[in-house]
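I have placed the structure first, in the form of structure tokens, so that the comments after it can refer back to it.
Quick note: the coordinates plus some simple rules give every number you see, no bench work behind them. This is a predicted model, so every value here is computed, not measured.
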Amino acid sequence: MLVLAALLATTGTAAADERIVGGERASIEASPWVVYLVDDRGTQFCGGTIVAPQKVLTAAHCAEGRSLREVQVVAGREDKQDRQAGVVATVTDIWIHKRYVSADQGEDVAVLTLRRALPYTPLPLAELTDQALYEPGSQLRAYGWGRTSENGKTSRYLMGATVPVLADDFCVQTYPHFKKADMFCAGYEGGKIDTCQGDSGGPVVVDGKLVGVTSWGEGCARRNKPGVYVRISRYAKDLHPVVDATPPGVVEP
Ligand code: ARG
């Protein structure tokens with residue numbers, strides 16, 4: 001009985017404190033471009049961003065090794081259990097950066113082409129000229145349905161967290177193979193607020209632009225182990241031809 005009470009007490013607190021890790025609920029109306037990816041059993045495994053009506057940007061490690069029927073995009077749905085909300089879109093093509101090897105080696109970007117155009121506003125990419133957005137201390141918003149604690153379950157609801165960009169020197173110190181040209185790290189030296197497993201591929205946003213994609217990190221929200229994100233400005237040149245391409249089936253005059 002005591003044990004049960006203690007158990008209830010702990011789960012009670014956990015439910016109250018746990019979000020992304022250390023974040024809070026976010027609304028899909030305010031961030032209509034954030035999507036999640038489901039496998040062929042309908043299980044959410046990654047995040048993504050609508051960057052054109054028929055294109056979703058995600059992490060290469062989310063798309064790698066999956067056939068087209070093993071990835072679907074769920075858009076416009078804040079609560080994973082709300083089957084009525086939003087749309088489930090079929091993927092007709094998966095583009096993975098040609099130099100991608102593994103998340104921690106960089107080039108962790110992929111673009112999914114959808115069968116139909118989505119009725120949600122796309123988010124523009126950060127461009128090479130947007131370097132100011134990556135200054136240390138710049139406050140970014142990360143979104144996802146990933147785990148709410150390092151070994152916990154993924155979130156039922158969309159979560160958001162604010163994380164400041166950290167100095168590249170700090171990222172290199174804590175992660176010796178960190179590549180500052182291709183990545184940035186964000187979070188707090190003390191940990192506590194971070195993205196986590198299941199958030200990968202999802203957006204990191206500031207000033208109405210997609211500056212990052214959740215990529216990797218050691219554990220979640222650990223002291224001195226911030227999240228590492230794809231430096232989108234660096235890939236704008238590689239991504240534009242794919243993102244701006246007219247998908248097959250659309251006939252232009
Ligand atoms: N690789 C993870 C995923 O596939 C994301 C990890 C982010 N880790 C972190 N500590 N921020 O979902």
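Note on Lys209: aspartates and glutamates with a C-alpha under 13 Å away, same-chain residues under 8 apart excluded, are Glu127, Asp130. Computed over all pairs of different Cα atoms, the Kirkwood value for the hydrodynamic radius of the chain is 18.2 Å. Summarising the overall dimensions of segment 35-161 from its C-alpha atoms, the Rg and Dmax are 15.0, 42 angstrom. A simple rule links phi to the HN-Hα coupling: the Karplus curve 6.51 cos²θ - 1.76 cosθ + 1.60 with θ = phi - 60°, which for segment 105-120 gives 9, x, 6, 7, 10, 9, 10, 9, 9, 9, 5, 10, 6, 8, x, 10 Hz, with x for Gly and Pro. For segment 88-161, the alpha carbon convex hull comes to 182 Å³ per residue, rounded to a whole number.
When the C-alpha to C-alpha distance is required to be over 29 Å, the pairs from Lys180/Lys237; Lys80/Lys237; Lys80/Lys179 that qualify are Lys80/Lys237; Lys80/Lys179.
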